[in-house]
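Beneath this line is the structure, given in structure tokens, with notes to follow.
The values are calculated or read from the model by the stated rules, or taken from the named source; none is laboratory data. All of these numbers come straight from a predicted model, not from anything done at the bench. Don't worry about glycine lacking a Cβ; one is built from the backbone with ideal geometry, like all the others, and counts go over all protein chains shown. The protein model used for the area step is the full one, side chains on, heavy atoms only, and it has no ligands, DNA or RNA in it. Shrake-Rupley method; radii C 1.70, N 1.55, O 1.52, S 1.80 Å.
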Amino acid sequence: RLRLHDGKLIKDRRYHLRTYPNCFVAKELTDWLIDHKEAPDRETGIRLMQKLMDHYIIHHVCDEHSDYKDAKLLYRFRKDDGTFPLSKDVKVFMRGQSLYEKLVSVEESILKVREENSVKYQRTFLGCEMVDWLVQEGEAENRKEAVELGRALLEHGIVQHVSNRYHFFDSDILYQFWINFRRRRRLTELLNENSSRALSESPDSPFCLRKLNPDPGNTSFLSVQTNKEIKIVSAVRRSSITSLAGNSNPYFSTTPALVFPPVAECNPKSVLKRPVTNEELLSPGAPYVKKTLTIVGDAVGWGFVVRGGRPCHIQAVDPGGPAAAAGMKVCQFVFSVNGVYVLHLDYQTISSLIMTGPRTLVMEVMEAVE
């Protein structure tokens with residue numbers, strides 16, 4: 001946006017006797033993207049700008065077009081007309097960027113290269129050091145508020161424990177800024193995000209999960225098609241699913257959580273013996289071990305059900321499905337999905353992350369030590 005302002009592509013323009021301030025012509029911007037090596041061709045340039053529209057960063061000046069069209073139409077950055085939505089996620093991201101810039105610009109910064117278990121980590125700090133700094137700099141009124149800020153940064157993927165085992169604590173545990181805010185980014189990185197729009201056209205995303213209450217002789221699965229409609233498609237593997245329809249497992253009687261959008265009519269009884277909090281899971285010395293599971297989806301999905309929230313747990317596993325083969329078990333807690341920390345999310349959000357992700361699913365789960 002700033003580069004376009006400097007290049008005079010963003011300026012006041014008249015159309016049909018009306019002046020539209022701070023806008024650009026779509027066709028001219030596509031030319032600019034190609035000329036400045038931000039896009040290899042017009043098709044990619046259009047996809048990039050559509051991404052910005054999907055993220056509410058740009059919009060048509062009259063909001064008459066929901067799609068980005070490579071034509072002589074006027075669009076505008078929402079930051080230039082005050083319509084940019086400052087959601088909680090955006091505010092936390094901007095706060096993290098502000099803190100990072102402040103930390104790297106001071107002498108004797110607490111951000112350093114440190115080593116733990118023979119592994120070197122960039123942009124690291126101790127939890128107690130960060131709390132001290134936040135209070136000293138007036139970024140937080142007290143240590144409790146500083147810890148809450150650190151936890152918000154961790155839950156939004158801005159900082160993390162170096163080995164991804166702990167939440168943020170006021171202690172000598174080692175953390176790092178996961179995002180290097182000063183790294184020069186290119187627009188084409190947007191196309192690598194795990195968004196439903198980008199992956200809906202990808203043959204490598206099955207967009208389907210097992211339906212655990214099949215009718216006898218007519219097994220089917222809910223699948224999200226490229227037209228974004230829920231459609232029933234024929235099952236490829238019937239035997240392993242049909243075996244789950246027995247009465248010995250009453251929680252299989254409802255539609256599972258892993259559908260998009262969630263359509264469960266009621267929640268089955270939790271398989272957990274008692275509620276577990278994130279603090280309990282992440283406390284140093286807690287009786288839980290973290291495992292990484294790589295699950296390669298087959299023609300009908302991954303074969304498990306996730307329930308609950310903050311944290312979510314595995315409610316059911318198809319014994320003949322890919323998840324079971326990868327080592328997934330009932331009662332495990334979902335720590336991350338494809339590198340995204342999810343302990344603070346509900347099962348609907350986690351389900352969407354899984355369904356809009358790639359066929360090969362990488363999950364970190366926490367399992368109680370017996």
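Suppose accessible area is computed on protein heavy atoms with a 1.4 Å probe; arrange Tyr100, Tyr56 from highest to lowest. Walk me through the numbers on the way to the answer.
Values: Tyr100 10, Tyr56 130 Å².
From most accessible down to least: Tyr56, Tyr100.
For region 278-368, a/c is not less than 1.5, where a ≥ b ≥ c are the root eigenvalues of the C-alpha gyration tensor, and a/b tops b/c. That puts it in the prolate class.
Using heavy atoms of the protein chains and a probe of 1.4 Å, the accessible area assigned to Val90 is about 40 Å².
Counting only protein heavy atoms and a 1.4 Å probe, region 278-368 has 32 square angstrom of accessible area per residue. Solvent-accessible surface of region 88-191, averaged per residue with a 1.4 angstrom probe and all protein chains in place: 56 square angstrom.
Can you give the convex hull volume per residue for the Cα atoms of region 72-199, as a whole number of Å³?
Working: hull volume 21.8 nm³, N = 128.
Cα convex hull per residue, to the nearest whole number: 170 Å³.
Projecting label points 7 angstrom from Cα along Cα→Cβ for Leu272 and Ile34 puts them 5.4 nm apart. The alpha-carbon of Lys290 sits under 12 angstrom from the alpha-carbons of these aspartates and glutamates, leaving out residues fewer than 8 places away in its chain: Glu364, Glu367. Among the protein heavy atoms of region 278-368, carbon and sulfur supply 58% of the accessible surface, probe 1.4 Å, non-protein parts ignored.
Accessible area of Trp32 (1.4 Å probe, protein heavy atoms only, ligands and nucleic acids ignored): about 30 Å². In the full protein context, region 1-77 carries 59 Å² of accessible surface per residue, based on a 1.4 Å probe and ignoring ligands, DNA and RNA.
Based on Cα contacts under 8 Å between residues 6+ apart, region 88-191 shows a relative contact order of 26 percent.
Could you sort Tyr121, Tyr175 by their accessible area in this structure, using a 1.4 Å probe and putting the largest first?
Values: Tyr121 40, Tyr175 0 Å².
Result, largest first: Tyr121, Tyr175.
Partner lysines whose Cα lies under 17 Å from the Cα of Lys69, excluding those fewer than 8 positions away in the same chain, are identified as Lys27, Lys51. What part of the accessible area of region 154-196, given as a whole %, is carbon or sulfur when the probe is 1.4 angstrom? Summing carbon and sulfur atoms, their accessible area is 45 percent of the total for region 154-196.
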